[in-house]
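Below: one structure, written as structure tokens.
The values are calculated or read from the model by the stated rules, or taken from the named source; none is laboratory data. Everything quoted here is computed from the prediction, not taken from an experiment. Backbone-built Cβ (ideal geometry, glycine too); neighbour counts: all protein chains shown.
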Amino acid sequence: MSQAPYETSPIEIRDDLAGAHRRAWKHIASSGTWWDGEQRTAIAAEARHAVNCDLCRRRKEALSPNAVQGKHETLGRLPDNVVEVIHRVRTDPARLSESWYKGILATGLSEEQYVETVGVVVHIIAVDTFACGLGLTQIPLPKPEVGTPTKGRPAAARVAGAWVPWLDPKAMSDEMPDMFPPNRPVANIHRAMSLVPREVASFFDVVSAQYLPGAAMRDFSREYRAISHAQIELLAGRVSSINQCVY
């Protein structure tokens, strides 16, 4: 029998998957580095709401999102600049630009808040897409936990090759020793949210369950899933192409 939150699923869900999703929900509900639990769950709710936004739909259909002006359809729990980040990341991430990002910062959103917002949104996308793919109902969002953001910025974070500051594994101290895979080259996808290390650690906990753990990706001596490495990469490549993810 599947474990919570999938105990009523007609399809048996692996225990490690269910566990990763429970931890993701705990992560969303808890106070983060720059947003508290109430704000983080509001970001998660807005990310779900964004898929029904008429402005986002019209922008997605336009040659350029900048050609369509208007107001987002929002739940009204977050500032407009945070809503803009959530909706664009959720509905049209392939056409984000550095000028758009700098425009967001000019509204008063900090680099750290931007990265943590993205972190919450990608958690929601990963878990909700899993449920959708299996024809399951979305997991109800968690109740926010009480707490105060720690507001700790990694001292080694620098702007180098990305819009946002990130960490160079070679220049790190012991700020977040479990954030990057050990004894392996660190890909940019691992570094992308490293301005807020907690988001990296949690998101790749989900990735390890839904995809493969880091060490298993290049271990071709055995198969870790019901489908082969080649089949996994075929699916991953197709999804990346559809989403215009060209990293």
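Points to keep in mind about this one:
- Of all residues making up segment 1-35, the number that are under 14 Å from Ala131 (Cβ atoms), touching an Asp or Glu at 6+ places or on another chain (Cβ under 9 Å) and not in a loop (DSSP other than H, G, I, E, B): 3
- Which listed residue is at pLDDT 95 or above, closer than 16 Å to Ala45 by Cβ and outside any helix (DSSP H, G or I), from Pro142, Pro149: Pro142
- Ser173 fulfils the conditions (1) loosely packed, with under 14 Cβ neighbours inside 10 Å; (2) at pLDDT 95 or above; (3) in a loop (DSSP other than H, G, I, E, B); (4) of a type outside the set (Asp, Glu) except for a single criterion, (2).
- Lone unmet requirement of (1) buried (at least 17 other Cβ atoms within 10 Å of the Cβ); (2) within 19 Å of the chain's Cα centre (by Cα) for Pro154: (2)
- Segment 214-234, residues that are among the aromatic types (Phe, Trp, Tyr) and surrounded by 13 or more Cβ atoms within 10 Å (Cβ to Cβ): Tyr224
- If you go through segment 227-247 and keep only what is part of a loop (DSSP other than H, G, I, E, B), at pLDDT 90 or above and within 20 Å of Ala126 (Cα to Cα), you end up with just Ile227.
- In the set Glu46, Glu38, only one residue is crowded, with 20+ Cβ neighbours inside 10 Å, outside any loop (DSSP other than H, G, I, E, B) and of a type in the set (Asp, Glu); that residue is Glu46.
- Considering segment 199-216, the residues that are hydrophobic (A, V, I, L, M, F, W, C) and farther than 17 Å from Leu17 by Cα include one that is modelled with the lowest pLDDT, namely Ala215.
- Verdict on Ala106 being over 29 Å from Leu212 (Cα atoms) and surrounded by fewer than 19 Cβ atoms within 10 Å (Cβ to Cβ): yes
- When restricted to residues that are free of Cβ contacts under 8 Å to residues at least 24 places away in the same chain and more than 17 Å from the chain's Cα centre (by Cα), segment 14-56 contains 4.
- For segment 49-70, the count of residues that are surrounded by 15 or more Cβ atoms within 10 Å (Cβ to Cβ) and under 30 Å from Arg14 (Cβ atoms) is nonzero.
- Matching residues in segment 124-146 - criterion: being loosely packed, with under 14 Cβ neighbours inside 10 Å, more than 18 Å from the chain's Cα centre (by Cα) and not basic (Lys, Arg): Leu134, Gly135, Thr137, Val146
- Options Tyr101, Tyr114: the member that is without any contact (Cβ under 8 Å) to a residue 60 or more places away in the chain, hydroxyl-bearing (Ser, Thr, Tyr) and either part of a helix (DSSP H, G or I) or at positive phi (or both): Tyr114
- Residue in segment 76-88 that is within 19 Å of Met193 (Cβ to Cβ), touching a residue at least 40 places away in the same chain (Cβ under 8 Å) and part of a helix (DSSP H, G or I) present: yes
- Checking each residue in segment 6-50 for being within 14 Å of Val122 (Cα to Cα) and β-branched (Val, Ile, Thr) picks out Ile28, Thr41, Ile43.
- Test: residue in segment 179-198 that is modelled with pLDDT of 90 or more, more than 24 Å from Arg153 (Cβ to Cβ), within 18 Å of the chain's Cα centre (by Cα) and hydrophobic (A, V, I, L, M, F, W, C): no
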